[in-house]
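The structure appears right after this line, and notes come after that.
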Amino acid sequence: MKAIDELKGEHRGIERMLDILKVLSERIGRGANVPPGDLDGVLEFLKVFVDRCHHGKEEDYLFPALEAAGVTREGGPIGVMLAEHEQGRTLVAKLEEAAARLRARDFEAHSRVKEIANQYGELLRNHIRKEEDVLFRMAQSHVAPLQDNDLYQAFELLERERIGPGRHAAFHDLMERLEKEYLG
């Protein structure tokens, strides 16, 4: 399925950024000097690409398609995924708050950034595994080929509208730069 393949590809990029966030937050946690723009770039990726774009594709298109095919929301995998999306949003907001405290020279924020980043990384890695092992397999058995094409086109439109032209490439450039710096 093209739509599911796109979401899985995005998962690989998200996992790469989580690897970067882990190393970056460990450095911050040790009190090492990290350019503030690096953490800001990761936060923008998490808010714009992960939440607005990737989760938007799932929440606005994939999950409703699965519900229409008979997959229940409440008490089922869709409800779990939605709850985890909300948990991720809460953690990103806390991480933003800790980053602001860090910029204001609140040295207690060093350990807070590391703690929240670790919580977010663990949440998202488990979330991705559940989506790929459970929800995406359900989609492959419940979504017809014609509907898959419609989903894929809707994903492309959402990406253009929510993150704008050139932003996807800019996020890849950011990721490559940060990988060299933190994962080199």
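The values are calculated or read from the model by the stated rules, or taken from the named source; none is laboratory data. Remember, predicted model here, so these are calculated numbers, not experimental data. Note that each Cβ is placed from the backbone with ideal geometry, even for glycine, and that neighbours are counted across all protein chains shown. Surface accessibility is based on the protein's heavy atoms, side chains included, excluding ligands, DNA and RNA. Shrake-Rupley method; radii C 1.70, N 1.55, O 1.52, S 1.80 Å.
Computed values, structure above
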{"quantity": "Which listed residue, of Glu84, Glu115, is closer than 21 Å to Arg16 by Cβ, among the acidic types (Asp, Glu) and surrounded by fewer than 20 Cβ atoms within 10 Å (Cβ to Cβ)", "calculated": "Glu84"}
{"quantity": "Segment 11-58, subset aliphatic (A, V, I, L, M) and outside any helix (DSSP H, G or I), residue farthest from the chain's Cα centre (by Cα)", "calculated": "Ala32"}
{"quantity": "Residue match in segment 79-86 (condition: closer than 27 Å to Lys180 by Cα and in contact (Cβ under 8 Å) with a residue 12 or more places away in the chain)", "calculated": "no"}
{"quantity": "Selected residue [among the β-branched types (Val, Ile, Thr) and over 15 Å from Val50 (Cα atoms)] from Val80, Val92", "calculated": "Val80"}
{"quantity": "Residues (within 16 Å of Gly56 (Cα to Cα), open to solvent by 30 Å² or more (accessible area, probe 1.4 Å) and acidic (Asp, Glu)) located in segment 118-162", "calculated": "Asp150, Glu156, Glu161"}
{"quantity": "Test: Arg12 is under 25 Å from Arg160 (Cα atoms), crowded, with 16+ Cβ neighbours inside 10 Å and among the charged types (D, E, K, R)", "calculated": "no"}
{"quantity": "Leu95 being part of a helix (DSSP H, G or I) and under 11 Å from the mean Cα position of the chain (by Cα)", "calculated": "no"}
{"quantity": "Helices (runs of 4 or more DSSP H) wholly inside segment 98-184 that include at least 1 residues being touching a Gly at 6+ places or on another chain (Cβ under 9 Å) and within 30 Å of Ala68 (Cβ to Cβ)", "calculated": "109-130, 136-142, 145-163"}
{"quantity": "Criterion (touching a Gly at 6+ places or on another chain (Cβ under 9 Å), open to solvent by less than 70 Å² (accessible area, probe 1.4 Å), free of Cβ contacts under 8 Å to residues at least 60 places away in the same chain and closer than 18 Å to Leu174 by Cα) met by exactly one of Asp51, Asp19", "calculated": "Asp51"}
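Let's see how each residue does on (1) in contact (Cβ under 8 Å) with a residue 60 or more places away in the chain; (2) touching a Cys at 6+ places or on another chain (Cβ under 9 Å); (3) of a type in the set (Asp, Glu); (4) farther than 28 Å from Leu157 by Cα:
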residue: Leu62; (1), (2), (3), (4): yes, no, no, no
residue: Leu66; (1), (2), (3), (4): yes, no, no, no
residue: Val92; (1), (2), (3), (4): no, no, no, no
residue: Ala100; (1), (2), (3), (4): no, no, no, yes
